[in-house]
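Contents: one structure, followed by commentary.
The values are calculated or read from the model by the stated rules, or taken from the named source; none is laboratory data. Fair warning: this is a prediction, and the values are worked out from it, not measured in the lab. Positions of Cβ are backbone-derived with ideal geometry, glycine not excepted, and every protein chain shown enters the neighbour counts.
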Amino acid sequence: MKKGTKGAGRETGRGKGPVALHAVILAGGAGERFWPASRKHSPKPLMKVVGGKSLLAATLERAHKFAGEGRVWIVCGKEHAAAIRAESGLPTSRVLVEPRRRNTAMAVAWAAQRIEAEDSNAVLAILSADHHIPNGRAFASAIRRCGRSAASAGVLVTLGVEPTRPDTGYGYIQRGGAIGSEHPGLCRVRRFVEKPDSRRAQAYLASGEYLWNAGVFIFEASSMLREIQECAPELHGALAPLRKQPRGKNSSAVAAAYRRAPSLPIDVAVMERSQRVWTMPVDFAWSDVGTWSSLADELGVGQGAKDGNRVLAGEVLFEDSSANLVWGGERLIGLLGVEGLAIVDTEDALLVARLDKSHDLRKLVAGLGKKGRRDLT
């Protein structure tokens with residue numbers, strides 16, 4: 001038996017023997033919409049914003065519920081590698097360090113190439129390091145079911161979350177017909193749609209045909225590599241150096257592959273183009289915690305007692321103020337007569353923003369670069 005394929009995390013595929021489930025956690029984003037708490041030296045996955053543990057620690061906890069020892073991987077950027085390794089406790093060989101940013105398509109492709117070289121039967125579950133999913137047991141169960149179908153049918157499966165509101169911050173999946181009794185609960189994907197405006201989001205919710213695209217993908221490594229060759233020839237070409245050095249021990253091969261790779265999300269490069277994509281609708285709570293606003297929603301800001309204010313850190317006094325999210329530092333913060341704000345106080349920067357505008361924080365971070373203040377990014 002190959003190294004890293006025994007113990008917990010093996011499921012039985014239909015007609016293909018055991019399914020070796022690997023978790024691949026993508027932790028390469030800059031997290032600019034969580035500035036100034038998220039920086040190059042302290043990225044978003046390391047933020048402790050829900051339940052007293054970092055987003056990465058919570059993701060690792062979920063991953064270990066379905067992937068056994070030696071089958072949990074992280075893909076991250078070189079600027080975060082040391083911090084990610086320290087937080088995760090994973091062996092160096094299980095942390096794939098990208099030499100440059102190339103979006104998620106290349107991250108997924110490299111992981112598939114690397115893991116398939118070690119375990120030819122591997123089924124990968126692609127997770128994001130910054131999702132919040134309180135019910136880890138239900139999540140693991142869904143991954144196992146998707147893994148069995150992915151292995152037996154050679155398809156790419158994505159989780160689709162049953163929407164609870166007409167959210168304009170998420171992409172959507174239009175579900176097609178049910179696959180059938182051999183794959184209970186799974187449907188074909190009719191199409192992926194980008195983040196809608198409010199009117200379309202309302203229509204999607206009312207139709208009952210649409211799911212939130214959770215960005216969680218499950219597939220055999222070999223199936224993804226096949227679909228990359230078919231759907232994304234430029235990406236397939238970029239992987240050539242890694243096919244010669246499949247375990248990536250030659251850093252120059254990785255660097256060469258990344259120089260050639262297109263900068264595309266995996267959704268655009270493969271999932272939206274492939275004819276072999278299924279979805280599993282799920283109804284457990286899920287959030288991508290993408291902005292201060294979405295975090296505020298997740299924490300119930302604006303709801304319940306104490307005027308719905310929420311303090312993540314520091315000492316704060318409120319007077320005639322409501323629905324505010326505050327991340328304080330060493331000094332006391334006083335709020336008087338304000339509502340709906342995100343206030344983030346760090347050692348060298350202070351953010352005061354309307355929560356409903358926090359999705360535009362990337363513009364502010366870009367402005368810092370133009371002013372030559374990259375020390376604050």
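Structure summary
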| quantity | calculated |
| --- | --- |
| Matching option when the condition is within 21 Å of the chain's Cα centre (by Cα), surrounded by fewer than 23 Cβ atoms within 10 Å (Cβ to Cβ) and in contact (Cβ under 8 Å) with a residue 24 or more places away in the chain, among 264, 205 | 264 |
| Residue among 273, 243, 259 that is in contact with a Cys (Cβ under 7 Å, 6 or more places away or on another chain) and either within 21 Å of residue 215 (Cα to Cα) or part of a helix (DSSP H, G or I) (or both) | 273 |
| Residue ID - farthest from residue 190 (Cα to Cα), chosen from residues in the range 203-240 that are charged (D, E, K, R) and part of a helix (DSSP H, G or I) | 234 |
| Filter result for residue 322 (of a type in the set (Ser, Thr, Tyr), free of Cβ contacts under 8 Å to residues at least 60 places away in the same chain and more than 30 Å from residue 176 (Cα to Cα)) | yes |
| All positions within the range 1-43 that are modelled with pLDDT of 55 or more, surrounded by fewer than 21 Cβ atoms within 10 Å (Cβ to Cβ) and on the phi > 0 side of the Ramachandran plot | 17 |
| Any hit, the range 128-142, residues being aromatic (Phe, Trp, Tyr) and either surrounded by fewer than 20 Cβ atoms within 10 Å (Cβ to Cβ) or modelled with pLDDT of 95 or more (or both) | yes |
| Residue among 252, 274, 263, 287 that is farther than 20 Å from residue 110 by Cα and hydroxyl-bearing (Ser, Thr, Tyr) | 287 |
| Qualifying residue in the range 178-193 (condition: assigned to a helix (DSSP H, G or I) and either within 20 Å of the chain's Cα centre (by Cα) or touching a residue at least 40 places away in the same chain (Cβ under 8 Å) (or both)) | no |
| Residue in the range 331-339 that is touching a Ser or Thr at 6+ places or on another chain (Cβ under 7 Å), in contact (Cβ under 8 Å) with a residue 12 or more places away in the chain and among the small types (Gly, Ala, Ser) present | yes |
| Residues of the range 69-83 satisfying the condition of being free of Cβ contacts under 8 Å to residues at least 40 places away in the same chain and either outside the structural domain of residue 113 (by TED's automatic domain parsing) or farther than 20 Å from residue 109 by Cα (or both) | 79, 82 |
| Residues of the range 115-148 classified as closer than 27 Å to residue 180 by Cβ and either in a strand (DSSP E or B) or not assigned by TED's automatic domain parsing to the domain that holds residue 60 (or both), total | 5 |
| Criterion violated by residue 290 - all others in (1) in contact (Cβ under 8 Å) with a residue 40 or more places away in the chain; (2) out of contact with any helix residue (DSSP H, G or I) (no Cβ under 7 Å at 6 or more places or on another chain) satisfied | (2) |
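Quick grid of which residues meet (1) surrounded by fewer than 19 Cβ atoms within 10 Å (Cβ to Cβ); (2) among the hydroxyl-bearing types (Ser, Thr, Tyr):
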residue: 45; (1), (2): no, no
residue: 48; (1), (2): yes, no
residue: 59; (1), (2): no, yes
residue: 70; (1), (2): no, no
residue: 73; (1), (2): no, no
residue: 81; (1), (2): yes, no
residue: 84; (1), (2): no, no
residue: 90; (1), (2): yes, no
residue: 93; (1), (2): yes, yes
